[in-house]
Amino acid sequence: MVGLLIKNGTIVTGDSKTLIAGGTVLITGSRIEAVSRRSTRVTRVQEIDAQGKVVIPGIINHHAHGITCGPLFPSAAEPLSRDQVKKNLGAHLLQGTTTILCVDGFTTKEEVEHASKLTSMTVKAATIHTPKNLAAADAVDGAGLRNSNRKETAKSRLAQGAPALGEVGAGSTLGGGCQDYKYIPEAVKCETGREIDARQAMELKYAVLGRHIKREGFNADKVKKVLKDVGLSSLLTVNKAREIVEESVLPPFDLALEGFEEAYGIAVQCNVPAIFHNAAATKDKILEIAQAAGQNTRLIIAAHSNHDTFSLEEAVKHAKRLKDLGVIIDIASFDCFINRFFGEPPDIFYALLEAGLCDTVSTDYCAGHYDSILTALHFSIKKGLLSLSQAIGLVTRNVVDAIPRLAPNKGLLSEGKIADVVIVDEENLAKVETVIIGGEVVVRAGEIVQMTKTKPRPQDKEPHERAKGHHSLGKGI
Ligand SMILES: [Zn+2]
């Protein structure tokens, strides 16, 4: 069996506390054989010198969109092209992600398996195949739903190995970012022939519905001002603009909120976590569910709790209340650090870290302009908000704890775990040098050297799927 020895690096094991300077990680086959403080003498191994580098477990990103050719977003929009999906998967891999969860929600098992064949990462998908969530998707879009997507149920997808419910609600169904960069600009273009960008659509949406997405949020003067700023005054009246925004945002809104209860009920019945779209518009609903959840609050994941619809004070207060109840608090890198597609700074991200409220970090999507998880962690460490080991724990072991079926036997550098290992630059964590998945080097010197899996990895499957596989094999023979 081929061995791989990573030596001289700063090893961060993923348990949020252990850091070993100048240690070694020995990989044999697809597993980690040893992690030690001293350099071990081993023969017949390939060596990687990680001097000046940090060695971490592969990142587990549990909140991504656009990584399968299935319906896009919880609004079930037309799927992305295969080329775009490949590009998106490649980008995540180069950012040090080794396990990724698609939270578009309506994918089939076959669509996830197809995506999995396009990358060396482990790809899984959450499910929101429930009647209300489906109705919410149809109310805003639904163009990506084939019969195969419609006939699944959340329970059938969970039985096939989906590790969580989610994303329950989303920007597209609850007046968030996806409305800004997709649906509102499309509706405005349809009416006026003019293009507006995401920022402009967001301003218009806030003027019509406020940050909490309510009809009472309407402010005619603000709408008038936005129309003037955007250059649409001659093409749209205030009332027409209101109508366009309301018709784009509101039809799925109540259905999506009812979908929260439905998804939570299934989460409890099946004992799997549910990933809820946490934003100003959904905060009361999540709180209501969490307050009634008792022991089951650990099944509630409040996604991207730094959502830009919250004010900073509101986000911190809300996250604290949820955290006190036992809810898992996730924050998203979004585009706040470098890409700045929407232009929002990472203030809420930092504030939630500073308040010690965060359990996990993910990317979300931002029309594909999200910053990498390691970029977000790098800046947070530089600001003194996290130690290196705390930062890495948020995206490895903590995610495994939150969603156990997503990455069994991963998320830690320790003996017997699956050898998903990432080596990054010590000075700039976001600079990913090497990615090893299941013991195989797939990124070297920051470039993908192995795009797809060379062989199926049995460890990617759920234990019951493996058992079922053996069983059917026996029957076939
Ligand atoms: Zn969301």
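Rule-based calculations on the coordinates, nothing more; no lab input. Keep in mind the model is a prediction, meaning the values are calculated, not measured. Every residue, glycine among them, receives a Cβ derived from its backbone with ideal geometry; neighbour counts consider all protein chains shown.
Tabulated data for the structure shown
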item: Distance between segment 416-448 and segment 139-165 - C-alpha centres, whole angstrom; result: 33 Å
item: Mean residue ellipticity (222 nm) of the chain, computed from DSSP H runs ≥ 4 via -39,500 (n - 2.57), nearest 500; result: -10500 deg cm²/dmol
item: For the chain: relative contact order, % (alpha-carbon pairs under 8 angstrom, 6 or more apart); result: 20 percent
item: Of 53/383; 214/320; 228/283, pairs whose Cα-Cα distance is over 27 Å; result: 228/283
item: Percent antiparallel among DSSP beta bridges (both partners in the chain, rounded to 5); result: 50 percent
item: Additional length obtainable on full extension of the chain from residue 84 to residue 189, 0.36 nm per residue less Cα span; result: 35.4 nm
item: Separation of alpha-carbon centers, segment 229-305 and segment 37-69, rounded to whole Å; result: 37 Å
item: Fewest-first ranking of 75, 36, 116, using other Cβ atoms within 10 Å as the exposure measure; result: 36, 116, 75
